[in-house]
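A quick write-up on the structure given underneath.
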Amino acid sequence: MFLTMAETSVVLWWSLSWQGWITVGIFFAILALLIQEIFPPAIPILGGASLLLVCGAITPKEFLSGFASPVVFSLGMLCVVVKALHTVGLVDLLARRILPKTGSYRYRLMALMAPASFLAAFLHATPIVLMLTGIVRKWAVAIRESPSKYLMPLSMATICGGMCTLIGTSTNLVVDGLLKQLNPNLGIAFFELGMVAFPGLLLTYSYVFSWGHQILPTRRDPRDIVQEETREFISEFTVEEGCPLIKMSTEAALLRYFPEGNILQIERNGHLEDSPPLDFQIALGDRLVISGEMAQIARLHTIAGLSSVADPSFKIDVNAPHFAEVVVGINSYLINRSLRHIRFRTRYNASVVAIYREGARIKGSIRDIILKAGDTLMLLSNVPWPADRHRRVGLYPITYSQELPFFSLKKAIWVAFVLLGMVAAITIGIPLLIASLVAAALLLMTRMLTLRQAAAGIDWNLLLLVASAFALAQGLYTTGVATALAKGVMFALGTNHYLLIGGIFLLTMMVTEMITNTASALLVFPIAIETIRLAGYDSPLAFKAVAVTVALAASCSFLTPIGHQTNTIVYGPGGYRFGDYARFGAIPSVVQLLISTALIPLVWPFYN
């Protein structure tokens, strides 16, 4: 039997046309480039698809088919929805409210992981981890624990949560698109993946809470990063006529307008009140010295009658607040000049809220401070700070322009309602393309975000990667390369459907640890489908079983910091080493493999 299969494989390889051999070379070249991370994943895959078009392995129509795929457009619209959630500050607020300051370590771990998994099931895991990493670091420091005890479980929780639904990760959507391209009548329902992924999530949680958390390293002492994590910005404001803070106690003002901030000092009629008591009443004409995160400082600029001492006429747009830090270079013409003299806000369309020199904030009237080389300026603006344009005058960015999320209860409720409506629509069978398009349109029409914000929220590299990969997969099919590679896979696995599912899962999981999860799914899917076909399973349920296997395995990346974006995000902030991932993620990887191998053939039998 083995000799017959080997002879068949040799015939398949030698029967490839010259276009087939070029496709083989392109396939392995793409894999090598993805592993080495020389370019972003979209570049080698788009380049490979373009070469297939040039050599005639695919037609122009096949090359463009991915760019017209509904899954590409749906991904773009989902990015817009996620951007709206970030813009209204909903995720940031939830994170700050649910993280406990007391309780046991296991309790705090559960309070972090469970909501993260739930959010990741309906949003992409990557932006969730991006938003939560800084919050979790500060929270861990506040409770005197190392962030490394929490950040890797956060990444694992979002990965497991994203595996449970169709929109939880872009990989699931991509595999669903490939499956529909294979058979338009096939597709993955919204919660269908959860039949396998949810048991895997529960077992992974059991591992983490039982003894897995003991493997987590303590990479950095919290005392070493208190200064880094508790960095606050200080700004001064004058209480003018019509300000709602008048006759309000400092406690009430803190709770209502800047709950995470602090009033350091109040000056009244020349008298300074340092660290004013909570029952101290704010009065007309008071000068307030307030410390807090930049988002909170920026929000104070929106309060009527509360005028910034640094720039009294500056008012920030709540729909587009931006923050940046720039340093004055040694060749800057701003040296030995004041902000008032150079009319900084008029010329550069930004307001300086603080100036730091040698690490300390310069007190006094900001507008009259004579700038020196090395001064750091904290900027607020209503448009992104165009760093490249201002390098020629000697202003160099050390923190590039960041959009600050402003929480608005009304906006948050509306955005959450739109998200829930989209999920409900997909669940009852409305196509994802229509549901996501309507959701994005509603958010734009109701001005939850602007067109510029929507465009900035779309991951264009991801869309390019997915669109070009459809063409690459088509080339693997039409040239016979997928069949030849699948034959080699089948030699090792045989024709038993449990072994096939387990082998495909293991292969995909190994590939995804070397390259990104979406790219691994795109490369392995055509080979896996051909493997099933050659093994004699040519039914719709068999194809769906393979699709589910590839989707789950591609996201099952716990062993390296490069296999999944969330692992990469927490790598530096957690102070982790490469081997930490393998030690902590080995058991969950085996658990996911065993659960999927056992359940997938039962849920989606290979025979109709």
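The values are calculated or read from the model by the stated rules, or taken from the named source; none is laboratory data. None of the values given here were measured: they were computed from a predicted structure. For neighbour counting, all protein chains shown are included, and Cβ atoms are generated from backbone atoms with ideal geometry for every residue, glycine included.
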Seminar exercise, completed: When Ile398 is run through (1) among the β-branched types (Val, Ile, Thr); (2) modelled with pLDDT of 80 or more; (3) in contact with an Asp or Glu (Cβ under 9 Å, 6 or more places away or on another chain), the failure sits at (2)
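So, of the residues in the stretch 515-539 that are among the aliphatic types (A, V, I, L, M) and under 20 Å from Ala598 (Cβ atoms), which turns out to be surrounded by the most Cβ atoms within 10 Å (Cβ to Cβ)? Outline the logic, then answer.
Restricting attention to the stretch 515-539, the residues satisfying the condition of being among the aliphatic types (A, V, I, L, M) are 515, 519, 521-524, 527-529, 532, 534-535.
If we keep only those that are under 20 Å from Ala598 (Cβ atoms) too, we end up with 528, 532, 535.
On the way: Ala528: 28, Ile532: 25, Ala535: 20.
Within the stretch 515-539, the match that is surrounded by the most Cβ atoms within 10 Å (Cβ to Cβ) is Ala528.
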Exercise. Across the stretch 507-538, what is the number of residues that are part of a loop (DSSP other than H, G, I, E, B) and within 20 Å of Lys180 (Cβ to Cβ)?
Worked result: 2
For this session: Report, by residue number, each residue of the stretch 452-464 that is at pLDDT 75 or above and not in a loop (DSSP other than H, G, I, E, B).
Result: Arg452, Gln453, Ala454, Ala455, Ala456, Gly457, Trp460, Asn461, Leu463, Leu464
Seminar exercise, completed: Among helices (runs of 4 or more DSSP H) entirely within the stretch 540-608, at least 1 residues that are over 22 Å from the mean Cα position of the chain (by Cα) and surrounded by 24 or more Cβ atoms within 10 Å (Cβ to Cβ) occur in 540-555, 578-603
Seminar exercise, completed: Here the residues within the stretch 337-388 that are at positive phi, at pLDDT 80 or above and out of contact with any Gly (no Cβ under 9 Å at 6 or more places or on another chain) are Arg343
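Does the stretch 10-35 hold any residues that are modelled with pLDDT under 70 and loosely packed, with under 15 Cβ neighbours inside 10 Å, and which are they?
Here is the first cut: in the stretch 10-35, the residues modelled with pLDDT under 70 are 10-16, 34-35.
Within the stretch 10-35, Val10, Val11, Trp14, Ser15, Ile35 meet the criteria.
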For this session: Please identify the pairs in which a residue from the stretch 186-208 that is within 13 Å of Ser589 (Cα to Cα) has its Cβ atom under 9 Å from the Cβ atom of a residue that is in a loop (DSSP other than H, G, I, E, B) and polar (S, T, N, Q), counting only partners at least 6 apart or on another chain.
Result: Ala197/Thr165
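Considering each of Leu245, Leu202, Leu216, Leu254 in turn, give the residue that is modelled with pLDDT of 85 or more, surrounded by fewer than 19 Cβ atoms within 10 Å (Cβ to Cβ) and not charged (D, E, K, R). Can you show your working first?
Numbers: Leu245 fails: surrounded by fewer than 19 Cβ atoms within 10 Å (Cβ to Cβ); Leu216 fails: surrounded by fewer than 19 Cβ atoms within 10 Å (Cβ to Cβ); Leu254 fails: modelled with pLDDT of 85 or more.
After applying the criteria, what remains is Leu202.
Is there a residue being part of a helix (DSSP H, G or I) and under 30 Å from Leu33 (Cβ atoms) anywhere in the stretch 431-443? Break it down stepwise before answering.
Step one: list which residues in the stretch 431-443 are part of a helix (DSSP H, G or I), which gives 432-443.
Still in the running and under 30 Å from Leu33 (Cβ atoms): none.
No: zero hits.
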